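Structure first, commentary second.
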Amino acid sequence: MSLHNSSHSVGLVTPQVALFDEPLALACGRSLASYELVYETYGELNDDRSNAVLICHALSGHHHAAGYHSEQDKRPGWWNECIGPGKAIDTNRFYVVSLNNLGGCHGSTGPSTINPQTGKPWGPLFPPLRVRDWVNSQARLADLLGIECWAAIVGGSLGGMQAMRWALEYPQRVKHCLVIASAQKLSAQNIAFNEIARQAIVSDSKFAEGYYLDNNEIPDKGLALARMVGHITYLSDDAMASKFGRDLRSGTLEVGTDDSVEFQVESYLRYQGSRFSDSFDANTYILMTRALDYFDLAREYNHDPVAAFREATCSFLVVSFSSDWRFSPQRSQELVDALIAADRPVSYAEIESNDGHDAFLLPIPRYLEVISAYMTRVEEKR
Amino acid sequence: MRPDLSHIERWITPGSRVLDLACGNGEFLQFLQDERQVRGMGLEIDQNNITAGIARGLSIVEQDLDQGLSNFPNQSFDMVVMAHALQAVHFPDRILDEMVRIGRECVVTFPNFGHWRCRLHLGTRGRMPVSSFMPHGWYNTPNIHFCTVRDFEILCREKGIRIVARDMVGDSQRSSLMATSWPNLFAMTAIYRIAAKQ
């Protein structure tokens, strides 16, 4: 039996595409006449349609969260450690839905897909999106799948923001909200890092003000640089020290030599950057980082997160990671404090980890135990 | 369940909002939720306890009592319970202030260090008492702020904290009767129901 069909994996999965041709009004004031969302599902929807779990992806994520696309596939979906039979999000018990968000670049309608009005890629003309637009489009996907109420909505980082927005916008459609390594809004420092990433992209001459696809080019240097900056902020100082230290990949620093020297960390970052620029769209990166920057949970609640959470009727699990400085435990504690003050049921765990923000994607035993424990109650109280 | 916990139960109003400080694995909160339909929340720092409490379907927040409770609004809970943790916190006096600020009523339980066996142990052997009830050595005990019944009541008086009721538990039924009459000498566990001064 191949590894891809093992009892601990959802096995081979095939993405599906849903077409929506009712116009979607967007937060920016424009609307999308029609759009497609690509998604995957794992597990079976039960008879009373009460066991559905929505996975909201983060900045560079997509619909392929678990399993494999083919026997030759080397890597499983991005959250394969957490989703599967007998895993923390148990596909024997739950029907898991994972989509590529609108504006993405993995199959859903976005800047790199064709604008039906022009016959050319949308490029920079694709409307800017906010988290609430994703939530509204996800709600339509739920309608299509016959899911009136999610047993749980789960998201890390930017995904956590979507989960929270769901809880406020569609309180009657969410029973449990799992908010992992997220925040009610980005700090100035966080926005600053995103702006460096965007500037790296737009300064690449091949970016051509976003019309690069018309020239059959991609701003790969800029996108790689954007990813390198981002990547550093997703790791911790300690994680980088233990992964690379000051190890050299080539050359020597001995006195009397004039070799060209390359640190391991330099080579690693360059590799990450170039791999990313091969698979991700620059306009999508700009769109997604902007959505992150614009998100402010309590903006229309007089900037009071307590008032915002009073709109919610679901229970919450909030999780943070000790070495995450991009979405630090303090940001999660602010959410917990507001939820307590709003008298919402909330559990909170700060997971000890050296891996910075990236920890939310890693199979840290205590992390998966907490998710698993919480999901047990989701099943009982769904 | 520990005897101090079954004593507390009757003080909990059905349907009230209860905060349990150092809630352990959530056994007591679950009991209150099942028997008294409370809306409960527990604070805990032990990782396994937190997971166990979450698995029970409780609201468990990872929070260190020694870092304070300033994130809880005034009078936001009907009852704040702290069972057998007073002696383990860094600032018992500040915790008491915080409890009566957050809770309309509070319950505190602690082992009474004035119990005659402690006194006998210290008096005859000249060493810190170790028993099955308090099994740690002086150097590795989590219990860093032992007090007696009298100590506690004096602290409450100094702070203007109102003692609404108290309950004293001995190690047997007979000694519990003695404990009611001479708590500082015969109470193993002291249970206080307290509130801010009106």
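Shape call for the range A:320-361 from the C-alpha gyration tensor, a ≥ b ≥ c root eigenvalues: rounded (a/c under 1.5), prolate (a/b greater than b/c) or oblate? Let's see the in-between values first.
Working: a/c = 3.31, a/b = 2.35, b/c = 1.41.
Note, shape of the range A:320-361 comes out prolate.
With all distinct Cα pairs included, what does the Kirkwood hydrodynamic radius of the range A:165-238 come out to in Å, to one decimal, could you say? The partial results should precede the final answer.
Values: mean 1/r = 0.0663 Å⁻¹.
It is 15.1 Å.
Output the residues of the range A:358-382 meeting this criterion: accessible area (heavy atoms, 1.4 Å probe) in the chain alone minus accessible area with all protein chains in place is 40 Å² or greater.
Buried by the other chains: A:366, A:373, A:377.
Which residues' amide hydrogens lie under 5 Å from the amide hydrogen of residue A:177, considering only partners 5 or more residues apart or on another chain, with H built in the peptide plane?
Here A:153, A:315, A:316, A:317 satisfy the definition.
Report the accessible area of residue B:70, computed with a 1.4 Å probe over the heavy atoms of all protein chains in place, in Å² rounded to the nearest 10.
About 100 Å², rounded to the nearest 10.
Using Cα centres only, tell me the gap between the range A:30-84 and the range A:296-375 in whole Å.
Going from one Cα centre to the other spans 22 Å.
Most fluctuating residue of A:29, A:245, A:356 in a GNM of chain A with Cα springs under 10 Å: which is it?
Answer for the Gaussian network model of chain A: A:29.
Sort A:57, A:8, A:106 by accessible area with a 1.4 Å probe, largest first. Working shown, then result.
Working: A:57 0, A:8 120, A:106 55 Å².
Accessible-area ranking of A:57, A:8, A:106, largest first: A:8, A:106, A:57.
Which of A:206/A:243; A:120/A:206; A:87/A:221; A:74/A:221; A:74/A:185 have a Cα-Cα distance over 29 Å? Please report the intermediate quantities before stating the final value.
On the way: A:206/A:243 33 Å; A:120/A:206 18 Å; A:87/A:221 39 Å; A:74/A:221 26 Å; A:74/A:185 36 Å.
Listed pairs above 29 Å: A:206/A:243; A:87/A:221; A:74/A:185.
Using the Cα gyration tensor of the range A:221-279, with a ≥ b ≥ c the square roots of its eigenvalues, what is the shape: rounded (a/c below 1.5), prolate (a/b larger than b/c) or oblate (neither)? Before the final figure, lay out the partial values.
Details: a/c = 3.17, a/b = 1.58, b/c = 2.00.
Oblate.
Taking the solvent-accessible surface of protein heavy atoms with a 1.4 Å probe, what is the per residue accessible area of the range B:54-99 in Å²? Don't skip to the answer; put the middle values down first.
Details: 1590 Å² over 46 residues.
Accessible surface, normalised per residue, equals 35 Å².
What are the residues whose amide H is under 5 Å from the amide H of residue A:263, where those residues sit 5 or more places off or on another chain and H is modelled from the backbone?
Here the answer is A:249, since their amide H atoms fall under 5 Å of that of residue A:263.
Which cross-chain or sequence-distant (5 or more) residues have an amide H under 5 Å from the amide H of residue A:66, H modelled 1.01 Å from N in plane?
Long-range HN contacts for residue A:66: A:77, A:78, A:79.
Tell me the volume per residue, in Å³, of the convex hull enclosing the alpha carbons of the protein assembly as shown. Walk me through the numbers before you get to the answer.
On the way: hull volume 121.7 nm³, N = 580.
Cα convex hull per residue, to the nearest whole number: 210 Å³.
Just tell me the longest site-free run in chain A, where the sites are GluC sites (Glu not before Pro) in a DSSP loop having at most 16 other beta-carbon atoms within 10 Å. Present the calculation step by step, with values, prior to reporting the outcome.
Numbers: sites that count: A:44, A:71, A:148, A:217, A:254, A:311, A:352.
Result for the longest clean stretch: A:72-147.
Suppose each label sits 7 Å from its Cα in the direction of the beta carbon; what would the residue A:206-residue A:260 distance come out to in nanometres?
1.9
Give the lysines reachable from residue B:197 as a straight Cα distance under 24 Å; neighbours fewer than 8 places away on the same chain don't count.
B:159
Quick one: buried accessible area between A and B, total over both chains, 1.4 angstrom probe, nearest 100 Å²? Walk me through the numbers before you get to the answer.
Details: alone 16580 and 10420 Å², together 25370 Å².
Accessible area lost upon association: around 1600 Å².
What is the distance in Å between the Cα centroid of the range A:216-270 and that of the range B:119-185?
61
Quick one: accessible surface of residue A:244, probe radius 1.4 Å, all protein chains present, in square angstrom to the nearest 10.
For residue A:244, the solvent-accessible surface is approximately 20 Å².
Could you sort A:133, B:171 by their accessible area in this structure, using a 1.4 Å probe and putting the largest first? Kindly include the intermediate steps, with their values, before the conclusion.
Working: A:133 0, B:171 85 Å².
Ranked list, largest accessible area first: B:171, A:133.
Starting from the residue with the highest accessible area, list B:27, B:62 in decreasing order, probe 1.4 Å. Don't jump to the answer; show the numbers that get you there.
On the way: B:27 90, B:62 40 Å².
If we order B:27, B:62 from most to least accessible, we get B:27, B:62.
Which of A:178, A:141, A:24 moves most in a GNM of chain A, Cα contacts under 10 Å?
Per the Cα network of chain A with a 10 Å cutoff, A:24 tops the list.
The values are calculated or read from the model by the stated rules, or taken from the named source; none is laboratory data. Since this is a predicted model, take the numbers as computed values, not measurements. Reconstructed Cβ throughout: ideal geometry from the backbone, glycine too, with neighbour counts over all protein chains shown. Heavy atoms of the whole protein, side chains included, go into the accessibility calculation; ligands, DNA and RNA do not. Shrake-Rupley method; radii C 1.70, N 1.55, O 1.52, S 1.80 Å.
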